[in-house]
Amino acid sequence: MPDQPQRDAIDVRGVRKVFGAGDYAVTALDTVSVSIRENEFFTLLGPSGCGKTTLLRLIAGFEYPSEGEILLYGQDIAGLPPHKRPVNTVFQSYALFPHMTVAENISFGLEMLNRPKDEIKTRVSEMLSLVRMEELANRRTSQISGGQQQRVALARALAPQPKVLLLDEPLSALDYKLRKGMQIELKRLQHETGITFIFVTHDQEEALTMSDRIAVMSAGKILQVGSPRDIYDRPAERFVADFIGESNFIEADVVGVDHDRATMRLSSGAEISAAMAKGSPPSARATLVVRPEHARIVPEGAAASLNGTVENVVYLGTDTHFHIKIDDGSTFVVRQQNSADAGPSLSPGLRAGVLISSDAAQLLRS
Amino acid sequence: MARRRNFDIRVQPGFGLIALFTFFSLYLPIAALVAYSVNAADSLSRWDGLSLRWFISAWNNQAVQDASIRSLILAAWAATFATIAATMAALATTRTPRYPGLTLKYAFINQPLMVPEIVTGVALLIVFSRIKVWTGYSGLGYLILAHTAFCIPFAYLPIRARLENMDLTLESAAADLYATPWRTFRRVTLPLLRPAIIAGFMLAFVISLDDVVITEFVKSGGQDTLPTYMLGQLRRETSPEINAIATVFLALSVALVTLFYFVNRRRP
């Protein structure tokens, strides 16, 4: 809807899911609430067992929540069986019907919706060309490659024009090259169809490159929801910072708070300004996150944020990692891009300073 | 080379000899039977040269014809009912999370495999004779019912095996694509199950065709099946005709089991 660009396609409200009962009860989802906007590429990111697939299965209808509501455009669908929900799933194993051809697989959903024959025919050929599989329409699904099966699974799920497409780690079975290609392909399909995608993955790189927004999950909870940039640059919790990318964690004293920024005194005595998440008043002592590429190596001295001894220099082609043993005993990693004119040549044992870029530090919720 | 770590029965002394002896004792009597079925002599103990006379004589024997047709009709009905029951039982015992009592159900379904046939035979004789008195009906129905009962486990085993190996996400995918439970079953589960259902049917058919003990107890007068007819013939005189019948019977069983093997091996 053009007048309501921020409409929610899916609204998960206070959903809990407990498997088993009594002493064997396992809480897979612990009171999760999240809104997924229309036409959005939304990713549920987290390690295995964090509840991301459970949340997807609850939206699809393969599981029913123990508590809470799942709204699809305002209507509670939490109690409906899967065949009554206008959402489709791309399964991790693809789950293509082995006794049907590629075209028969794609037409299955439309047939079950009792659409007219000629509509099914045109829709199937549209789908075949959308995923570039026209030549293989009459092949058995066992006679095509993994990447092609993946595309058939996508076409099959998109053919009935679902309100929301659910994707359960669909790229995990593909090799690296194919996965890269499919990431771009998925993004293109989402753009062309305008369907809301909910994508489940444990691969942070996949999440960062494809998503409009990401929800980072751990132990049945959603820890943070935000754009890839938000999640990467402004992690709100230690788990998020640790799970996505590499991070330096620094313990520091809070000396002043102003709106959404805090002034922090580091162990060296230097003071830096750090961003903090809204509504989280910091305690006297708190943890800062600094990404390795958001700091530079400088000469030791008062101008540096932290001072220490070079412990290790790791050459990585495009970058070099400097592991600095800070004087307070912690270790700080600085990533610097290598350029033709070699910078200061540092070797283990030398003294050096670390300068944290302004606006690069993020205060974690305590 | 390092010491052999796995126990390999093929290198044990005498293995080959024991294997040979086993095959010999299993197949020699059958070979003799087949050989004597083409014997021209009137007696089972004399060899008089090749002839198909006993096949022809058996073919023209009205009693043999009746018994054969009865056997085939009985096997067809019993295998059909047993396969339907077995398919439903297999679906009920695999499409459910494990629960206490499930093992008991397996035992119930497979009970005919454990209980001695003679016990089932006597039990059915007692029950059916009462029902015959009450209803006055003494047709083939009793035999069909009895055969269905002991054929169920044979049809059940291949179907259950297939269902257990079937990817459950296929059914989830069908439901996700708007198929009602019934259409999911019709369009996905059943087509994938078809080879196992055919295999189960053929196995049940052969088992029914072969049965002597239970049939002997349950049948009413004039309801001889081929095996009970042959048994009856042996009691009186030993006509070489039964060699010919047995040979045809053997060929039919082998053909069915071979077909069973090929159907079961082919995967979609």
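All of the numbers you see were taken from the coordinates with simple rules; none came from a lab. From a predicted model like this one, the values you see are computed outputs, not experimental measurements. For neighbour counting, all protein chains shown are included, and Cβ atoms are generated from backbone atoms with ideal geometry for every residue, glycine included.
Taken as Cα centroids, region A:124-143 and region A:1-66 sit 32 Å apart, rounded to the nearest whole angstrom. Applying the Kirkwood pairwise sum to the alpha-carbon positions of the protein assembly as shown produces a hydrodynamic radius of 31.5 angstrom. Oblate is the label for region B:1-112. Its Cα gyration tensor axes, ordered a ≥ b ≥ c, give a/c of at least 1.5 and b/c at or above a/b. If R0 is 41 Å, the Cβ-Cβ spacing of A:Glu126 and B:Ala123 corresponds to a FRET efficiency of close to 0.05.
Computed 3J(HN,Hα) for region A:187-202, one whole-Hz value per residue from the Karplus formula 6.51 cos²θ - 1.76 cosθ + 1.60 where θ = phi - 60°, is 4, 5, 4, 5, 5, 6, 8, x, 8, 5, 10, 10, 10, 9, 7, 10, glycine and proline marked x. For region B:231-262, list residues with backbone N below 19 Å from a point placed 7 Å from the Cα of B:Ser57 toward its Cβ? Residues passing the 19 Å test: B:231-249. Maximal additional length on extending the A:Asp258-A:Lys180 stretch stands at 23.8 nm, based on 0.36 nm per residue less the C-alpha distance. In this calculation the C-beta distance from A:Ser345 to B:Arg10 is compared with R0 = 56 Å, giving a FRET efficiency of 0.25. Extending 7 Å from Cα along the Cβ direction at B:Ala31 and again at A:Ala25 yields two label points whose distance is 7.1 nm. What net charge is computed for the residues neighbouring A:Lys121, neighbours being all others with C-beta under 15 Å from the C-beta of A:Lys121, Lys and Arg scored +1, Asp and Glu -1? So the surrounding residues net to -3. If R0 is taken as 22 Å, the Cβ-Cβ distance between A:His321 and A:Ser358 corresponds to a FRET efficiency of 0.50. Ordered by the number of other Cβ atoms lying within 10 Å of each residue's own Cβ, fewest first, A:Arg123, B:Arg53 fall into the sequence B:Arg53, A:Arg123.
The shape of region A:8-233 comes out prolate: with a ≥ b ≥ c from the C-alpha gyration tensor, a/c is at least 1.5 and a/b beats b/c.
Under 5 Å from the amide H of A:Arg16 lie the amide H atoms of A:Thr31, A:Val32, A:Ser66, A:Glu67, A:Gly68, each residue being 5 or more positions distant or on a separate chain, with H modelled from the backbone and absent for Pro and chain starts. Phi-derived couplings, Karplus 6.51 cos²θ - 1.76 cosθ + 1.60 at θ = phi - 60°, listed residue by residue for region A:90-97: 9, 7, 4, 8, 6, 6, 6, 6 Hz, with x used for Gly and Pro. Summed over qualifying helices (DSSP H, 4 residues or more, each -39500 (n - 2.57)) and divided by its residue number, chain A shows a 222 nm mean residue ellipticity of -7000 deg cm²/dmol. Give the residues of region B:231-248 whose amide nitrogen is closer than 19 Å to a point set 7 Å from the Cα of B:Gln65 in the direction of its Cβ. Output list for this probe position: B:241-242, B:244-246, B:248. For B:Leu163, B:Leu256, the sequence from fewest to most other C-beta atoms within 10 Å is B:Leu256, B:Leu163. If the elastic network links every pair of Cα atoms under 10 Å, which of B:Gln65, B:Gln12, B:Gln223 fluctuates the most in the Gaussian network model of chain B? Looking only at B:Gln65, B:Gln12, B:Gln223, the biggest GNM fluctuation is shown by B:Gln12. Cα centroid separation, region B:158-227 to region A:259-308: 71 Å. The Cα trace of region B:48-120 gives Rg and Dmax of 20.7, 65 Å, the first to one decimal, the second as a whole number. The mean number of Cβ atoms from other chains found within 10 Å of a Cβ in peptide A:89-99 is 5, as a whole number.
Exposure proxy ranking for B:Met88, B:Met114, B:Met202, based on other Cβ atoms within 10 angstrom of each Cβ and starting from the fewest, stands as B:Met114, B:Met88, B:Met202.
Size descriptor for chain B, Kirkwood hydrodynamic radius: 21.8 Å (Cα pairs only, one decimal).
Given axes a ≥ b ≥ c from the Cα gyration tensor, I'd like to know whether region B:139-268 is rounded (a/c under 1.5), prolate (a/b larger than b/c) or oblate. Judged from the Cα gyration tensor, region B:139-268 comes out prolate (a/c at least 1.5, a/b above b/c).
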